[in-house]
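Below is one structure; the comments refer to it alone.
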Amino acid sequence: MIKVGLVGEDPNDTSSIKNLLEQRYNGKVQFKELTKNSTGANLDSLGKFKRVLKKKFDDSNCSFIVYVRDLDELESHKEKLSERIKWFKDLNDHVNSDGILMLNIWELEALILGDIETFNKMYNVSHKPGNPMFVRDPKKVLIDITSKNRKQFKESHCPDIFKQLSIDKVERNCSCFKKFIAEFNEKLN
C-alpha cells in the first residue's frame, strides 16, 4: 500500500479530502495528515513550516504529498493563481516530494456544491446551483441555504459531509477536482 501525505490550510480540509478520497482509494492508498495543527496563516509563512513539514514527511514514509489549498478567488484571477503555484513549488521542492497541488477554486466547500443532492438530503433543503467552479464564496452559500433550518451548516461539518459525498459526482461536476484526480491517478501508476 502506498502512503500519501496530506497538507492543508485547516485540519477540517485535510480530514475532508481524506474522507472523500478514501471512498475510491481505500485499500490502495493510506492517507496521512502531516500537519494537523496548520492553518492558512502558517502555510503562508514558510520559514518554520518548511522545517516542520520536512521532518514530518521524512518520518512518515510517504511517497509524496497532496497539498490542499484554496485559491480564495475564481480561476480567472491569474495573479492569485501564480501566487499559489509558486507557494506549492517552493514548499514541494524544500520537502523533496514529487507532490501534487489540489487547488480548490475559491474554497473547499465548492466541492460540496458538486454533489448538492447529498447536501440537500443531509440538511433537508433543495438548492440547485450552476457550475460549482463559478460560485463565489461557496461556504457563505451553504450557510445561507441552511440559515432558516434547525440544522445549520458549519465549516466543522465538512469532514462528515465529505464522507457522504459521491466522489464520482464531485469529479464530474468540479473541474479542479477532476484535474487533481487525473494527476493523482497518474502518480499512483
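Return a yes/no flag: does the stretch 134-153 have any residue that is of a type in the set (A, V, I, L, M, F, W, C) and under 19 Å from Gly8 (Cα atoms).
Restricting attention to the stretch 134-153, the residues satisfying the condition of being of a type in the set (A, V, I, L, M, F, W, C) are 134-135, 141-143, 145, 153.
When the remaining residues are screened for being under 19 Å from Gly8 (Cα atoms), the result is none.
No: the stretch 134-153 contains no residue that is of a type in the set (A, V, I, L, M, F, W, C) and under 19 Å from Gly8 (Cα atoms).
Given the structure, is Asp160 under 17 Å from Ser15 (Cα atoms) and either within 18 Å of the chain's Cα centre (by Cα) or of a type outside the set (Val, Ile, Thr) (or both)?
Working: under 17 Å from Ser15 (Cα atoms): yes; either within 18 Å of the chain's Cα centre (by Cα) or of a type outside the set (Val, Ile, Thr) (or both): yes.
When the stated conditions are applied, Asp160 passes them.
Residues are listed down the side, and each one gets a yes or a no for (1) charged (D, E, K, R); (2) within 21 Å of Lys139 (Cβ to Cβ):
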| site | (1), (2) |
| --- | --- |
| Val52 | no, no |
| Lys55 | yes, no |
| Phe64 | no, no |
| Val68 | no, yes |
| Leu71 | no, yes |
| Glu79 | yes, no |
| Glu83 | yes, yes |
| Leu91 | no, no |
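Scan the strands (runs of 3 or more DSSP E) fully inside the stretch 21-122 and keep the ones with 2 or more residues being in contact (Cβ under 8 Å) with a residue 60 or more places away in the chain. Lay out the reasoning, then the answer.
Working: elements: 29-33, 64-70, 100-104.
Filter on the stretch 21-122 gives 64-70, 100-104.
Output yes when any residue across the stretch 158-176 is among the small types (Gly, Ala, Ser), in the same structural domain as Leu74 (by TED's automatic domain parsing), out of contact with any helix residue (DSSP H, G or I) (no Cβ under 6 Å at 6 or more places or on another chain) and not in a loop (DSSP other than H, G, I, E, B), and no when none is.
Among the residues of the stretch 158-176, not one is among the small types (Gly, Ala, Ser), in the same structural domain as Leu74 (by TED's automatic domain parsing), out of contact with any helix residue (DSSP H, G or I) (no Cβ under 6 Å at 6 or more places or on another chain) and not in a loop (DSSP other than H, G, I, E, B), which makes the answer no.
Which one is surrounded by the most Cβ atoms within 10 Å (Cβ to Cβ), of the residues in the stretch 86-112 that are of a type in the set (D, E, K, R) and under 17 Å from the mean Cα position of the chain (by Cα)? It would help to see each step written out before you state the result.
Filtering the stretch 86-112 down to residues of a type in the set (D, E, K, R) leaves 86, 89-90, 93, 98, 107, 109.
Remaining after also requiring under 17 Å from the mean Cα position of the chain (by Cα): 107, 109.
Working: Glu107: 22, Glu109: 25.
So, considering only residues that are of a type in the set (D, E, K, R) and under 17 Å from the mean Cα position of the chain (by Cα), the one surrounded by the most Cβ atoms within 10 Å (Cβ to Cβ) is Glu109.
The values are calculated or read from the model by the stated rules, or taken from the named source; none is laboratory data. In this text the structure is predicted, and so the values were computed from the model without any measurement. Note that we place each Cβ from the backbone using ideal geometry, even for glycine, and neighbour counts take in every protein chain shown.
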